[in-house]
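Engineer: Here it is: the structure, laid out below.
The values are calculated or read from the model by the stated rules, or taken from the named source; none is laboratory data. Source: prediction; values computed, not measured. Ideal geometry is used to build each Cβ from the backbone, glycine not excepted, and the neighbour counts take in all protein chains shown.
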Amino acid sequence: MVKVLVTGGAGYIGSHVVKALGEKGYNILVLDDLSSGHKEAVLYGNLVVGSTADSELLDRVFSDFKPDAVMHFAAYIEVEESVRDPLKYYENNTCNTLKVIKSMIKHNVNKFIFSSTAAVYGDPKRVPIREEDPLNPINPYGRSKMFVEHIIKDLSESSDFSYISLRYFNAAGADPEGRIGQSYRKATHLITRALKVAKGEFEKLYIFGTDYPTPDGTCIRDYIHVDDLASAHVLALEYLLSSGKSAVFNCGYGKRYSVKEVIEAVKRVTNVDFPVEETARRPGDPAVLIADPTKLKAELSWVPLYDDLDFIVRTAWNWELNRRF
Ligand code: UFG
């Protein structure tokens, strides 16, 4: 069976992709330093605990496992933190990715699936956003990912290296069967934070900015259920293995929800009327990010199954109430 090395496979999105790959029978090895991931989240395959910063470890992993492809999730993901501490992001998200790629080349592995982000678009000129639209990130997090996109494009043009970059919009929700979900100590993401407020873990929810040029003044995002995002990865891998062609895809539904609408959904699903306070903008936040997923549907035959905000929130709430880690 095809062997896939999954860096960051114990994290939120990575673990849902490992589940999807495992269900299809792929042979999986997860490499994760557990800085934000959890060993219990790895439902299939084996786990090596270690960092992508460690080139010697990477060499050993490639020599022993001999993967056919690499899926690279390991990264830091907080926009606001990236504004405060940019080098942390360039070091891990850009430099350590380069280490993974160099190790791939050394061991003759040439298929790479990259976790990119809608943050590479910055403040888009038009929405929904298409893949060919300009990249103009407005925070170090987005730039740290964009640099990798440039690097792998250059590499694909000068060698037989091929890649698929998946630009995630806002991943949310949890395994509908409740086995895994987001388990991130800081819980900065809107839906997770709101659910923790509903649960009583935090006193109130802050809305970061009500003066954006949007109908209700709060930021608009395109929330995608993490299992639909996971199925896009499996399709991307199948496409890359069969065609060897590099490509970039937006991963979102093309739906738009404001922060206030998300809060209403969380209150509706949880049946808890928690306190909310409006406060200043959070640095680095674009006003609106909406995907145009036409290419993903047309070229990879992606069919989303969970395109429903209440369902997304319900699965995340179920996880929040019953989680094991
Ligand atoms: N927000 C609040 N209060 C909170 C948390 C968030 O008002 O307590 C707001 C944010 O300001 C933003 C929106 O809710 O307007 C969504 O914020 P998240 O932190 O949930 O997600 P981001 O849009 O900042 O970032 C996420 C991922 C990035 C990815 C991006 C793409 O973390 O990796 O989606 O849209 F790039």
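Engineer: Which one is surrounded by the most Cβ atoms within 10 Å (Cβ to Cβ) among residues in segment 146-190 that are charged (D, E, K, R) and within 15 Å of the ligand (Cβ to nearest atom)?
Structural biologist: Going through the qualifying residues, I end up with R167.
Engineer: Kindly list the number of the only condition in (1) assigned to a helix (DSSP H, G or I); (2) of a type outside the set (F, W, Y); (3) not assigned by TED's automatic domain parsing to the domain that holds A287 that fails for K196.
Structural biologist: For K196, the exception is condition (3).
Engineer: I would also like to ask the following. T214 fails exactly one of the following numbered conditions: (1) within 15 Å of the ligand (Cβ to nearest atom); (2) not small (G, A, S); (3) not assigned by TED's automatic domain parsing to the domain that holds V288. What is the number of that condition?
Structural biologist: Of (1) within 15 Å of the ligand (Cβ to nearest atom); (2) not small (G, A, S); (3) not assigned by TED's automatic domain parsing to the domain that holds V288, only one is false for T214: (3).
Engineer: Now a separate question. Out of segment 151-178, which residues are over 12 Å from F112 (Cα atoms), assigned to a loop (DSSP other than H, G, I, E, B) and charged (D, E, K, R)?
Structural biologist: Across segment 151-178, the qualifying residues are D175, E177.
Engineer: Does any residue of segment 194-210 turn out to be more than 10 Å from the ligand (Cβ to nearest atom), without any contact (Cβ under 8 Å) to a residue 24 or more places away in the chain and either over 16 Å from V262 (Cα atoms) or surrounded by 17 or more Cβ atoms within 10 Å (Cβ to Cβ) (or both)?
Structural biologist: Checked against the condition, which is being more than 10 Å from the ligand (Cβ to nearest atom), without any contact (Cβ under 8 Å) to a residue 24 or more places away in the chain and either over 16 Å from V262 (Cα atoms) or surrounded by 17 or more Cβ atoms within 10 Å (Cβ to Cβ) (or both), segment 194-210 yields at least one hit.
Engineer: Looking at (1) more than 18 Å from R193 (Cα to Cα); (2) surrounded by fewer than 18 Cβ atoms within 10 Å (Cβ to Cβ), which one does V276 not meet, given that it meets all the others?
Structural biologist: (1)
Engineer: Answer yes or no as to whether N318 is of a type in the set (S, T, N, Q), loosely packed, with under 15 Cβ neighbours inside 10 Å and either modelled with pLDDT under 95 or farther than 24 Å from P124 by Cα (or both).
Structural biologist: no
Engineer: Still on this structure: Among the residues of segment 55-100, count how many are touching a helix residue (DSSP H, G or I) at 6+ places or on another chain (Cβ under 7 Å), among the aromatic types (F, W, Y) and in a helix (DSSP H, G or I).
Structural biologist: Summing the residues that are touching a helix residue (DSSP H, G or I) at 6+ places or on another chain (Cβ under 7 Å), among the aromatic types (F, W, Y) and in a helix (DSSP H, G or I) in segment 55-100 gives 3.
Engineer: Among the residues of segment 17-25, are any assigned to a strand (DSSP E or B), touching a helix residue (DSSP H, G or I) at 6+ places or on another chain (Cβ under 8 Å) and not aromatic (F, W, Y)?
Structural biologist: No, there is no match, as no residue in segment 17-25 is assigned to a strand (DSSP E or B), touching a helix residue (DSSP H, G or I) at 6+ places or on another chain (Cβ under 8 Å) and not aromatic (F, W, Y).
Engineer: Looking at segment 124-144, can you tell me whether even one residue there is free of Cβ contacts under 8 Å to residues at least 24 places away in the same chain, more than 19 Å from the chain's Cα centre (by Cα), closer than 23 Å to G11 by Cβ and not in a helix (DSSP H, G or I)?
Structural biologist: There is no residue in segment 124-144 that is free of Cβ contacts under 8 Å to residues at least 24 places away in the same chain, more than 19 Å from the chain's Cα centre (by Cα), closer than 23 Å to G11 by Cβ and not in a helix (DSSP H, G or I).
Engineer: Right, something else. Residue check, Y223 against (1) among the hydroxyl-bearing types (S, T, Y); (2) in contact with a Pro (Cβ under 9 Å, 6 or more places away or on another chain); (3) within 12 Å of the ligand (Cβ to nearest atom), all met but one. Which one?
Structural biologist: It is condition (2) that Y223 fails.
Engineer: Answer with yes or no whether K295 is surrounded by fewer than 20 Cβ atoms within 10 Å (Cβ to Cβ) and more than 16 Å from L190 (Cα to Cα).
Structural biologist: It is true that K295 is surrounded by fewer than 20 Cβ atoms within 10 Å (Cβ to Cβ) and more than 16 Å from L190 (Cα to Cα).
Engineer: Continuing with this model, one more query. Among (1) surrounded by 24 or more Cβ atoms within 10 Å (Cβ to Cβ); (2) out of contact with any Gly (no Cβ under 8 Å at 6 or more places or on another chain), where does E23 come up short?
Structural biologist: Only one criterion in (1) surrounded by 24 or more Cβ atoms within 10 Å (Cβ to Cβ); (2) out of contact with any Gly (no Cβ under 8 Å at 6 or more places or on another chain) is unmet by E23, namely (1).
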